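A short reminder: the numbers here are calculations on the coordinates, not readings from a lab. None of the values given here were measured: they were computed from a predicted structure. Backbone-built Cβ (ideal geometry, glycine too); neighbour counts: all protein chains shown.
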Amino acid sequence: MDIQELTPDGQQPEKWIERLARFGYAAKGLVYIIVGLLAVMAAFDWGGRVTGSEGAFQAIASQPFGKLMLFLVALGLLGYVLWRFVQAIKDPENQDSGAGAIGRRLSYAVSGLIYGGLALSALKIVFGHSSGSSGSGSQEQTATLLSQPFGRWLVAAVGVASAAYGFYCFYRAYSTQFRRKLKLSQMSPNTERWVTRIGRFGLTAKGVVAIIVGYFFIEAAHWSDPSQAKTTEGALQAIQQRPYGAWLMGVVALGLVAYGLHLEVQARYRRISP
């Protein structure tokens, strides 16, 4: 066994948490791959459509045995949620020595809540209670936030956080920081090169989408208008409306496919120590 697969105490990780985490990365990756493929098809008039996670869930559910497949995706997302909360509570990867330890833990917890909501949306479709488009869901949540004390500031904070995450994705892509958590010794040189290229492309596209989403939430806060808040679907549509928008959206959509593949690589090769 690789010594890097052991916990700080020298013990083998809790395998059930590790397996759920890997299943979660795989499920999350599948969602991004489907969103990206549908957007690529829409960009070049091949019959697809611009959509977000809800549309991806509907696409899965419409396939033969689709409800069973979507149920497994929901279970995988719940596994990812569990892993995020383990990261937030236990710091299994020993990252708390830096100045941003509290922020990092909070980001893991927020990520867990977000993907918990996605898992719930998938389960609603499985059991015949679809909640509508992902865009309408984000607008309802934004309206709820705006109705709270300091609501505009809360929505603006969401936008700033999304944009900051987008720039962090750029940093990870440029620095190839993501390679540090991969078991590169288990890859051939050619696989390692492609894993790096796909990861950089995918993280760049994810960063672009996150920054656009952040801009929309800041606009929603500025105008106190929840209809301004949009998610991945709205970001792709905004790109599509620019000059040469179909080509630009096609490139970003391919990047989201690459990001999904990057997550599949995480499912297979990431070091996970619960």
Notebook entry, point to check: In what order do HIS262, HIS222, HIS129 fall by count of nearby beta-carbon atoms within 10 Å, going from fewest to most?
Noted result: HIS129, HIS222, HIS262
Next item on the list: Working from the alpha-carbon coordinates of the chain, get Rg over Rh, Rh being the Kirkwood radius.
Entry: 0.96
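For each of ARG271, ARG84, ARG197, ARG180, count neighbouring Cβ atoms within 10 Å of the residue's Cβ, then give the residues from fewest to most.
Placing the least packed residue first, the sequence is ARG180, ARG197, ARG271, ARG84.
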Checklist line | Residue order, fewest to most beta carbons within 10 Å, for LYS90, LYS206 | finding: LYS90, LYS206
Notebook entry, point to check: In nm, to one decimal, how far is the modelled label at TYR244 from the one at SER188, with both set 7 Å along Cα→Cβ?
Noted result: 3.6
Margin query: Within 10 Å, at most 14 other Cβ atoms, and a DSSP state outside H, G, I, E, B define an exposed site. Report the longest part of the chain free of exposed chymotrypsin sites (Phe, Trp or Tyr not before Pro).
Written below: 151-243
Item checked: Added length on full extension, which subtracts the Cα-Cα distance from 0.36 nm per residue, THR144 to ALA101 -> 12.5 nm
Margin query: Less than 14 Å Cβ to Cβ from LEU30, Lys/Arg counted +1 and Asp/Glu -1: what total charge do the surrounding residues give?
Written below: +2
